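Okay, structure first, notes after.
The values are calculated or read from the model by the stated rules, or taken from the named source; none is laboratory data. Everything numeric here is computed off the predicted structure, so don't read it as measured data. Here the Cβ is made from the backbone with ideal geometry for all residues, glycine too, and neighbour counts use every protein chain on show. The protein model used for the area step is the full one, side chains on, heavy atoms only, and it has no ligands, DNA or RNA in it. Shrake-Rupley method; radii C 1.70, N 1.55, O 1.52, S 1.80 Å.
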Amino acid sequence: RIYMARQNRKFTPRQRTTRPLGTPLTSNIPPVQPLDPPLMKDGEWFIAPPLSSRLYQKSAIGLMQSDESIRVSTEEILFCHWHRHLPLPTDSWFDDAVNSDPDVIARSILFDTARSGGELLIPAQNIPGKWGIEVPQPTWALRWNREQIFSKEMPVAHVRWAWTTDVIDWKEMVEWTSWVHEQGMLAEFLVIDEEMDVTMYLLSQRQPSGKQPLWDTFSTEKKNQISELWQKRIARGDGWYVPDASNWHWDSIGVEHLSGRHLRQEEGQLVQSSIDELRPSPQHNLYVDLVERGVLLRPGFKYGSRWRVYDTPVGEAHAPWLIQPHEDAPQTWEAACLAVRLSEGVHKMWLCALPFKDSWFYLHMQRWLPGRN
């Protein structure tokens, strides 16, 4: 008799929020006098005072106008509907909004989720020019920590979003991330799936480094011994087998097995170019950059990446990084989320490597909960 393992599970699955229209998500008691709904003026929605002042000062909702009303976006109206007892403009208002802009579905859910921990998220169009904050076109919103005074302090993060099915432009992601970091802020990315569930990510730059010996650190005697052994190599598939490699001093290059040394193609190319005092072919530029950082590289195919990368000899500690060249990186956010989930499940950092400003940029993508990580 076979018993399914799931029958023995005792935990309760997480309940997904459905966010119905007409039903508040807050447990706060509604005001005795119902609030007035937003009003349209010149094709945009506004909330009149005195409610406008309270929403702006306490919740950073809307863009303040000269008449003390606030201009609000569709996602802000829905947020206030769910959490501040704000009536919707009309029964057909949301249907009309979706017909006009289908992405309002995603933005409304993202806005609500991003604010669920108490952080203040302000859409880019609500950032007044007088604040002196530059907002590039890709940035959807800016985020302040919950304890900040948004009107007097700088934000801590730029925020973007995408559907899981959207295609990723890794070069553009690196350019945006680098620019945000230059402003002294965090680069955050929200991904929404077809179940209307949101996963948050932090994008950052990493600098893999280790203390593995490099060719130039070897003595002439050791270089000659490696060179003599290399001349005895035997081709094996795409790589080579070096028999009787007892004097092989380059421990980070090749794998010891069957009393010899097994080198992958990229490792053999590096050894040959080092002996010839030449730069390896351009196709190995990324590999050479990593080797020159003193790290040790091993195949990462078990983890869906090009390399698993160690900062110590293999056996002393687990590899901290999984590195994927940008040309082999996931093409959609769905695939990227899967790669990150796999790497974090084995306690490693997933990095996408791209050439950027005459060097290599190692883009780290990690799951993230602002205010709670």
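Please verify whether Ser209 is in a helix (DSSP H, G or I) and either among the charged types (D, E, K, R) or touching a residue at least 12 places away in the same chain (Cβ under 8 Å) (or both), treating the condition exactly as stated. Against the criterion (in a helix (DSSP H, G or I) and either among the charged types (D, E, K, R) or touching a residue at least 12 places away in the same chain (Cβ under 8 Å) (or both)), Ser209 does not qualify. The residues in region 275-313 that are among the small types (Gly, Ala, Ser) and open to solvent by 20 Å² or more (accessible area, probe 1.4 Å) can be counted, and the count is 2.
Residues that are closer than 30 Å to Asp112 by Cβ, open to solvent by less than 40 Å² (accessible area, probe 1.4 Å) and of a type in the set (Val, Ile, Thr): does region 214-226 have at least one? Taking every residue of region 214-226 in turn, none turns out to be closer than 30 Å to Asp112 by Cβ, open to solvent by less than 40 Å² (accessible area, probe 1.4 Å) and of a type in the set (Val, Ile, Thr). With the requirement that a residue be loosely packed, with under 14 Cβ neighbours inside 10 Å, hydrophobic (A, V, I, L, M, F, W, C) and without any contact (Cβ under 8 Å) to a residue 40 or more places away in the chain, what does region 133-184 give you? Answer for region 133-184, where residues must be loosely packed, with under 14 Cβ neighbours inside 10 Å, hydrophobic (A, V, I, L, M, F, W, C) and without any contact (Cβ under 8 Å) to a residue 40 or more places away in the chain: just Ile149.
Looking only at residues in region 118-144 that are touching a strand residue (DSSP E or B) at 6+ places or on another chain (Cβ under 8 Å) and in a helix (DSSP H, G or I), the one that is nearest to Leu203 (Cα to Cα) is Ala124.
Residue by residue, here is whether (1) open to solvent by 80 Å² or more (accessible area, probe 1.4 Å); (2) modelled with pLDDT of 95 or more; (3) closer than 21 Å to Gly118 by Cβ holds:
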{"position": "Arg6", "(1), (2), (3)": "yes, no, no"}
{"position": "Ile29", "(1), (2), (3)": "yes, no, yes"}
{"position": "Ala48", "(1), (2), (3)": "no, yes, no"}
{"position": "Ile61", "(1), (2), (3)": "no, yes, yes"}
{"position": "Met64", "(1), (2), (3)": "no, yes, no"}
{"position": "Arg71", "(1), (2), (3)": "no, yes, no"}
{"position": "Thr74", "(1), (2), (3)": "no, yes, no"}
{"position": "Cys80", "(1), (2), (3)": "no, yes, yes"}
{"position": "Pro89", "(1), (2), (3)": "no, yes, no"}
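What residue, of Trp333, Trp321, is more than 17 Å from Arg206 (Cα to Cα), of a type outside the set (S, T, N, Q), in contact (Cβ under 8 Å) with a residue 60 or more places away in the chain and surrounded by 18 or more Cβ atoms within 10 Å (Cβ to Cβ)?
Only one candidate passes the filter, namely Trp333.
Do we have any residue at all in region 296-305 that's in contact (Cβ under 8 Å) with a residue 24 or more places away in the chain, in contact with a strand residue (DSSP E or B) (Cβ under 6 Å, 6 or more places away or on another chain) and in a helix (DSSP H, G or I)? Within region 296-305 (the criterion being in contact (Cβ under 8 Å) with a residue 24 or more places away in the chain, in contact with a strand residue (DSSP E or B) (Cβ under 6 Å, 6 or more places away or on another chain) and in a helix (DSSP H, G or I)), the answer is yes, since at least one residue qualifies. Entry remark, region 212-236: residues being in a strand (DSSP E or B) and in contact with a Phe, Trp or Tyr (Cβ under 6 Å, 6 or more places away or on another chain) number 1 in total.
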